[in-house]
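*Asks:* Below is the structure I would like to discuss, written out as structure tokens.
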Amino acid sequence: MKHPATTATRATGALRRAVLRRASERLGGGARAKVVFLLACVLALESADAATIGATAIQLEHSLNIGNAEVGLLVSVSTGVGALATLPAGALTDRVDRTQMLSLAILAWAVAMALGGLAPTYVFLLCTRIALGAVVATAGPTVASLIGDYFPVAERGQIYGYILSGELIGAGVGLLLSGDIAAALSWRYAFWVLAVPSVVLSWAIWQRLPEPARDGSSRLMPAGSSHPFAPQDEHASQDGQPDDQVTRETRRHDVSPRDPLVLHEDPTRRPLWWAVKYVLSIRTNRVLIVASALGFFFFSGLRTFAVVFLRGRYDVGQSVANIVLFAIGVGAVLGALLGGRIADRLLGRGRLTARPVVAGAAFLVAAVCFLPGLNSTSLLLAAPLFFLAALGLGGSNPPLDGARLDLMPARLWGRAEAVRTVLRYALGAVAPVLFGWVSAKLGGVSPGPATGASHQPVSAQAANGLADAFSVMLVPLLIAGVLIVVWARRTYPRDVATAIASDEEIGRADEPENGHKEAI
């Protein structure tokens with residue numbers, strides 16, 4: 001007779017294989033699933049790190065004798081350093097092997113996390129956060145550039161949804177797992193637990209993630225290809241170049257490009273200042289950059305103080321707060337998966353402006369649902385509102401990120417994302433400190449030192465200050481939604497047509513050189 005443990009192990013293994021097979025089929029094959037998984041893990045790391053600070057905030061305050069503002073500064077310093085380093089990282093993204101650069105940045109991040117867990121003082125811990133800016137600076141530009149070269153244009157919203165789910169899941173893991181570890185053992189173990197898988201991810205990217213061609217010729221086919229890279233399954237345009245849904249809709253609506261902004265030669269070697277000026281000259285891109293930064297501003301403050309807020313506002317322990325955070329995280333992940341899919345389907349039905357419109361509407365849904373939830377003193381009433389708000393907040397990013405790729409010539413993706421990331425992370429760096437300061441002013445007191453026990457109460461007065469701070473900071477979300485819905489959707493078609501025309505002109509300029517090489 002078979003041992004029960006053996007039977008259970010086999011059943012678990014079969015279930016795991018079935019889940020992996022289903023996920024692979026859903027993503028279009030093993031090669032595509034591998035790319036999505038690894039890129040999602042990159043974003044998960046950065047998000048888990050910032051969330052870990054929030055999850056261990058109570059233990060950090062007690063151990064290092066600090067308050068909300070100092071906790072916020074721990075997140076802000078790594079984000080701020082990342083913002084400063086993003087522009088040079090974006091320039092490198094457009095010129096060097098992106099996967100190798102990403103792998104090295106993650107390895108540096110793992111070392112910094114391990115050292116942070118050894119920090120004897122707050123100043124030492126603050127210094128280790130500076131090194132963590134490496135992955136912040138590298139992740140945004142490289143992930144965006146790789147998505148553009150790995151996947152067909154018509155799928156960008158959906159693919160971004162899968163990958164950005166990693167960022168949200170990482171935040172959830174950082175809040176839930178790190179909080180429990182810090183409560184049971186120490187905040188130091190929460191840091192070390194994250195450092196170990198980071199080393200594994202660095203190796204996996206170095207060894208398993210091939211560098212795609214920058215001209216779109218190596219985009220991954222959905223299933224059926226024996227080689228990890230295969231020509232994209234897209235229609236051909238009239239001039240024989242690869243076509244896609246965005247291009248077809250742009251031509252069907254007879255949208256003309258902005259001629260002064262059409263590029264006629266490869267911009268790869270152009271100086272960084274030129275690239276920044278060009279990226280900011282695209283009207284819709286300016287709006288989307290600002291909207292994305294405002295959304296991240298709120299998210300950064302929320303993930304830093306969510307645990308403190310829930311425990312103090314509703315007088316619950318760590319385990320109950322974790323359950324609520326898990327439900328909110330599920331809402332955010334569902335939003336990310338649905339937002340990109342809805343935008344892509346609307347695009348497929350001829351709605352050229354679907355991506356910016358869906359992103360703007362999602363921001364507005366998040367703001368409208370967060371406000372009554374934050375002002376409710378009943379957790380039973382607030383939790384469903386938080387779930388819907390997270391659905392909107394998570395749903396805004398995939399179509400927003402897909403739209404930004406649509407607006408830029410392919411060989412400027414790295415630097416374009418770097419420009420966006422500078423403002424995004426600059427506001428993200430300010431957010432935790434500002435949220436902590438505003439909450440202290442509005443609440444009249446900062447949360448005092450607390451023990452590491454999960455049942456230790458948090459100051460209700462300080463949590464009420466956080467509720468007021470969150471409510472005030474909802475204004476940026478409303479502004480982001482209005483900016484996109486009212487302004488970006490009007491300028492988006494012509495700016496997309498300009499990017500398409502630029503790629504076609506650059507491709508024609510490369511033809512003589514490519515033909516010469518093939519002849520040789």
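The values are calculated or read from the model by the stated rules, or taken from the named source; none is laboratory data. Values in this document were obtained by computation on a predicted structure and should not be read as measured data. Counting neighbours? That spans all protein chains shown, and the Cβs are built from the backbone with ideal geometry, glycine included. With ligands, DNA and RNA removed, areas are computed over all heavy atoms of the protein, side chains included. Shrake-Rupley method; radii C 1.70, N 1.55, O 1.52, S 1.80 Å.
*Asks:* Give segment 330-354 a look and list any residue that's open to solvent by 20 Å² or more (accessible area, probe 1.4 Å) and closer than 30 Å to residue 177 by Cβ, or say none.
*Replies:* Residues satisfying the conditions are 330, 333, 334, 337, 338, 341.
*Asks:* Pairs under 9 Å by beta carbon, first residue closer than 16 Å to residue 417 by Cβ in segment 262-282, partner open to solvent by 40 Å² or more (accessible area, probe 1.4 Å) and in a loop (DSSP other than H, G, I, E, B), six or more apart or different chains?
*Replies:* 268/95; 268/214; 278/270
*Asks:* Hey, does segment 387-410 have a residue that's assigned to a helix (DSSP H, G or I), surrounded by fewer than 23 Cβ atoms within 10 Å (Cβ to Cβ) and at pLDDT 85 or above? Before you say what the answer is, go through the steps one by one.
*Replies:* The initial filter retains those residues of segment 387-410 that are assigned to a helix (DSSP H, G or I), namely 387-406, 410.
Narrowing further to those that are surrounded by fewer than 23 Cβ atoms within 10 Å (Cβ to Cβ): 387-388, 410.
This time we only want the ones that are at pLDDT 85 or above, so: 387-388.
Yes, the conditions are met somewhere in segment 387-410.
*Asks:* Among the residues of segment 177-220, write down those that are more than 17 Å from residue 113 (Cα to Cα), open to solvent by less than 60 Å² (accessible area, probe 1.4 Å), outside any loop (DSSP other than H, G, I, E, B) and at pLDDT 85 or above.
*Replies:* 204, 205
*Asks:* Assigned to a helix (DSSP H, G or I), in contact with a helix residue (DSSP H, G or I) (Cβ under 9 Å, 6 or more places away or on another chain) and open to solvent by 30 Å² or more (accessible area, probe 1.4 Å): which single residue out of 307, 324, 279, 357 fits that description? Working first, answer last.
*Replies:* Numbers: 307 fails: open to solvent by 30 Å² or more (accessible area, probe 1.4 Å); 324 fails: open to solvent by 30 Å² or more (accessible area, probe 1.4 Å); 279 fails: open to solvent by 30 Å² or more (accessible area, probe 1.4 Å).
Answer to the selection: 357.
*Asks:* Next question, about the same structure. Sort out which residues of segment 247-257 are crowded, with 16+ Cβ neighbours inside 10 Å and either of a type in the set (D, E, K, R) or modelled with pLDDT of 90 or more (or both), and write them in order of number. Walk me through how you get there before you give the answer.
*Replies:* Of the residues in segment 247-257, the ones crowded, with 16+ Cβ neighbours inside 10 Å are 247-250, 255, 257.
248, 249 - these are the residues of segment 247-257 that are crowded, with 16+ Cβ neighbours inside 10 Å and either of a type in the set (D, E, K, R) or modelled with pLDDT of 90 or more (or both).
*Asks:* Quick check on residue 380: is it over 30 Å from residue 69 (Cβ atoms) and free of Cβ contacts under 8 Å to residues at least 24 places away in the same chain? Outline the logic, then answer.
*Replies:* On the way: over 30 Å from residue 69 (Cβ atoms): yes; free of Cβ contacts under 8 Å to residues at least 24 places away in the same chain: yes.
So residue 380 passes the test.
*Asks:* From 174, 161, which residue is in contact with a Leu (Cβ under 6 Å, 6 or more places away or on another chain), of a type in the set (Gly, Ala, Ser), open to solvent by less than 10 Å² (accessible area, probe 1.4 Å) and assigned to a helix (DSSP H, G or I)?
*Replies:* Details: 174 fails: in contact with a Leu (Cβ under 6 Å, 6 or more places away or on another chain).
Going through 174, 161 in turn, the sole match is 161.
*Asks:* Moving on. Look through 131, 105, 144 and report the one residue that is touching a helix residue (DSSP H, G or I) at 6+ places or on another chain (Cβ under 8 Å), of a type in the set (Gly, Ala, Ser) and modelled with pLDDT under 80.
*Replies:* On the way: 105 fails: modelled with pLDDT under 80; 144 fails: modelled with pLDDT under 80.
Selected residue: 131, the only one of 131, 105, 144 that is touching a helix residue (DSSP H, G or I) at 6+ places or on another chain (Cβ under 8 Å), of a type in the set (Gly, Ala, Ser) and modelled with pLDDT under 80.
*Asks:* Condition test on residue 368, is it assigned to a helix (DSSP H, G or I) and closer than 30 Å to residue 507 by Cα?
*Replies:* Numbers: assigned to a helix (DSSP H, G or I): yes; closer than 30 Å to residue 507 by Cα: no.
Taking the combined requirement at face value, the residue does not satisfy it.
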